[in-house]
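This is the structure I want to talk about, given as structure tokens.
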């Protein structure tokens, strides 16, 4: 999922702030997956499940913001109130990305579903895989004193 986000960015689809928020749990899941290669641990598997579920929930929230079902953060939605704390120098600064992407605007969609919606769908699927792995892993036995 994270690689897909970077591919879209390379194709010219700049991420909004909420898109970036969805990347962090994916990165955590990748790190947890790599840690599981060395250390088989139910807590790590659970952490991977929580990370993918977190990005799924964030994707659902972002999708609702795009559809105007609920309000998103004022700093990245179209109402402009997030600009009130910027100075004139900040507004004239050219050291920013070429295109500011608002969180409540759909920049790409496939069969009527936007990128955050697809992220939520795939992340729910990944969370289910982590959950199955957790359920099929054996709990650690308490060592006996014998």
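No lab work stands behind these numbers, since they all come straight from the coordinates. The structure presented is a predicted model; accordingly, all values stated were derived computationally and were not measured. In this analysis, Cβ positions are derived from the backbone assuming ideal geometry, glycine residues included, and neighbour counts consider all displayed protein chains.
Any idea which residue in region 1-40 is nearest to the chain's Cα centre (by Cα), counting only those that are more than 30 Å from residue 77 (Cα to Cα) and free of Cβ contacts under 8 Å to residues at least 12 places away in the same chain? Walk me through how you get there before you give the answer.
If we filter region 1-40 for residues that are more than 30 Å from residue 77 (Cα to Cα), which is where we start, we get 31-40.
Those left that are additionally free of Cβ contacts under 8 Å to residues at least 12 places away in the same chain: 31, 34-35, 37-39.
Details: 31: 15, 34: 19, 35: 20, 37: 23, 38: 25, 39: 25 Å.
My answer is 31.
Now for a different question. What about residue 45, is it more than 17 Å from the chain's Cα centre (by Cα), surrounded by fewer than 12 Cβ atoms within 10 Å (Cβ to Cβ) and in a helix (DSSP H, G or I)? So that I can check it myself, show each step before the final result.
Details: more than 17 Å from the chain's Cα centre (by Cα): yes; surrounded by fewer than 12 Cβ atoms within 10 Å (Cβ to Cβ): no; in a helix (DSSP H, G or I): yes.
No.
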